[in-house]
Amino acid sequence: MDVPLYLRPRVDPPLASLLRAQTFLHSLVDALGSPLNVLLPEVVAENAARFRAVYRRHHLSGRVYFAHKANRSSALVRRLAAEDAAVGVDVASLAELRHALGCGVTGDRIMATGPKDAEFLWLAARVGATVNLDSPGELEHLADLVRRHGLGRVAVLARLSGFESAAGRGATGTRLLSRRSRFGTPLGEARELLSALERHADAVDLTGVAYHLDTTGVEEKARALEQCVLFMDECRERQLAPRAVDIGGGFGVGYVADAEEWERWTTALSEAVLGVRPPLTWRGHGYGLRNEGGTVRGTAALYPAHRPTAGPGYLDELLSLPAPVLGRPAATLLLEHLHDLHIEPGRALVDQCGLTLARVLDVRPAGEGSGHHLVRLGMNAGDMSLEEHGVLVDPVLLPRGGPAEDEDAHEPVGVYLAGNLCLEADLITRRLVHLPRLPRAGDVLAFANTAGYAMDFHAHHAQRQPLARTVAVEPDGDSWRWCPDEDYWPLTHPGGTTA
Ligand SMILES: *Cc1c(COP(=O)(O)O)cnc(C)c1O
């Protein structure tokens, strides 16, 4: 085989030491089945602390809200509930709100985002959560509910979208807008929203302005942040006094450890699409790229899996970037105005918080003398959906019974990972994955860093295959303790002993 095109995962401690605990991980899969999700609740608290440190460096106050939709786990939300009041939860459904409350997150530490129905609005208002208003219609609905049910005045944020670019108008005279969003009120229509907020001032209190942009572009976010600050100045000319900017999530995660491996693989993908090297993917899938007369066209629908800055580092970069109109760093603008900063990280807050394990069921040649193999796993593409999110990263092979004596004699191999459904499309990867040796039935593959969207977001009951169980683990001397996710409380160590 040519040089193996690895995309090895970034694993920091304690995830790295958990991956070394191969006997423990095998015993968990033996007892609880495949697939299995394993979470490290302590890491979510450490990540929150890293975000808080960036606030401190910039002398900012405000709250870090965990975007619950990234993971359904109780352990993670309970662990965050045990943090101080500067950490909260962003809920996007009635069920997530009920779950956060049941995990011990008090209403004042909850942000309700996304489109909301009457029940969701009522419970959010009842428990004193902040309602991140998705539309002018939602404001009318909420104000009506508050009056009819005699609820207290509700803190609301105005979620904005459709921000203008720095140029304002492009060379052709067309307005350049940031990416379209189905959510929030377009900035151009926000004046009417302000009038409605004044009209409903008996029922709602505008405490801030919000956005969430699904992009990695830091300049686009800096523009949006500045326009929120300018918009808040306009609010103050009215009878409104918002004092917080909520900049949403999207701080990102670096999945692949090595920049060169990522460069090499993406270059090889283009070459394979052009046909100048053998396919790297199942049936020549191009991840959005195509060959048009010898030129690569299209954009790869891939997450930038190696990222030089992500998570708290990305927040730091955003806050340090000069605002396009006012020229001062975003953090300075916030400080000058005495505004609080709220953030809603999902993926970045659960970075390094867990892994997903799958048993190898069988291994066979992929056919036609390619030298590649098909590895069928005890999981399906819904159970571990990194691929669905365009995140390409290798699993770690955990051989049954530890490394074999003839381990060094093995050669790297290229494999496709297939799922447990009778469905041609059920591939865990459409990419040829290089492993240091051919797996055997009974081995386990560990997918690192799956806690953000890849564990349970797409899980389903097709073919009555078992849903993954989720366990919380914690180091215990030289060993590890575990308990079911639903039995984890921050006062008990996994395993049952009360601290
Ligand atoms: C999904 C979402 C987030 C979290 O996004 P990440 O990319 O996971 O950080 C935050 N806020 C809102 C409103 C969202 O919809």
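The values are calculated or read from the model by the stated rules, or taken from the named source; none is laboratory data. Note that the coordinates shown come from a computational prediction; the quantities given were computed from them, not determined experimentally. Using ideal geometry, Cβ is built from the backbone for each residue, glycine included, and neighbour counts are taken over all protein chains shown. When the accessible area is computed, the model is the full protein with side chains, heavy atoms only, and any ligands, DNA or RNA have been set aside. Shrake-Rupley method; radii C 1.70, N 1.55, O 1.52, S 1.80 Å.
Only one of Arg347, Arg359 is outside the structural domain of Ala468 (by TED's automatic domain parsing) and in contact with a Gly (Cβ under 6 Å, 6 or more places away or on another chain). Can you tell me which? Spell out the reasoning first.
On the way: Arg359 fails: outside the structural domain of Ala468 (by TED's automatic domain parsing).
None of the others qualify; the one that does is Arg347.
Restricting attention to region 205-222 and to residues that are away from the ligand (no atom under 14 Å from the Cβ) and surrounded by 21 or more Cβ atoms within 10 Å (Cβ to Cβ), the residue that is modelled with the lowest pLDDT turns out to be Ala222. The single condition among (1) open to solvent by less than 60 Å² (accessible area, probe 1.4 Å); (2) touching a His at 6+ places or on another chain (Cβ under 7 Å) that Cys235 does not meet is (2). Residue-level check: of (1) open to solvent by 30 Å² or more (accessible area, probe 1.4 Å); (2) farther than 15 Å from Ala330 by Cα, Pro242 misses just (1).
Residues satisfying the criterion are absent from region 116-127 (criterion: closer than 22 Å to Val209 by Cα, surrounded by fewer than 24 Cβ atoms within 10 Å (Cβ to Cβ) and within 13 Å of the ligand (Cβ to nearest atom)).
Look through His389, His342 and report the one residue that is within 16 Å of the ligand (Cβ to nearest atom), farther than 24 Å from Leu40 by Cβ and under 29 Å from the mean Cα position of the chain (by Cα).
Working: His389 fails: farther than 24 Å from Leu40 by Cβ.
Answer to the check: His342.
For region 55-70, which positions are within 16 Å of the ligand (Cβ to nearest atom), farther than 11 Å from Ala86 by Cβ and open to solvent by less than 60 Å² (accessible area, probe 1.4 Å)? Matches in region 55-70: Phe66, Ala67, His68, Ala70. For region 376-412, a residue qualifies if it is within 30 Å of Leu76 (Cβ to Cβ) and hydrophobic (A, V, I, L, M, F, W, C), and the qualifying residues are Leu377, Met379, Ala381, Met384, Leu386, Val391, Leu392, Val393, Val396, Leu397, Leu398. Residue-level check: of (1) at pLDDT below 95; (2) farther than 29 Å from Asn420 by Cβ; (3) charged (D, E, K, R), Asp456 misses just (2).
I'd like to know if region 32-54 contains one or more residues that are buried (at least 18 other Cβ atoms within 10 Å of the Cβ), within 13 Å of the ligand (Cβ to nearest atom) and either part of a strand (DSSP E or B) or among the polar types (S, T, N, Q) (or both). Yes, some residue in region 32-54 is buried (at least 18 other Cβ atoms within 10 Å of the Cβ), within 13 Å of the ligand (Cβ to nearest atom) and either part of a strand (DSSP E or B) or among the polar types (S, T, N, Q) (or both). In region 82-93, the residue that is surrounded by the most Cβ atoms within 10 Å (Cβ to Cβ) out of those that are farther than 18 Å from Val473 by Cα and more than 16 Å from the ligand (Cβ to nearest atom) is Glu83. Take the residues of region 345-370 that are in a loop (DSSP other than H, G, I, E, B) and away from the ligand (no atom under 15 Å from the Cβ): which is surrounded by the most Cβ atoms within 10 Å (Cβ to Cβ)? Per the stated criteria, the residue is Ala366.
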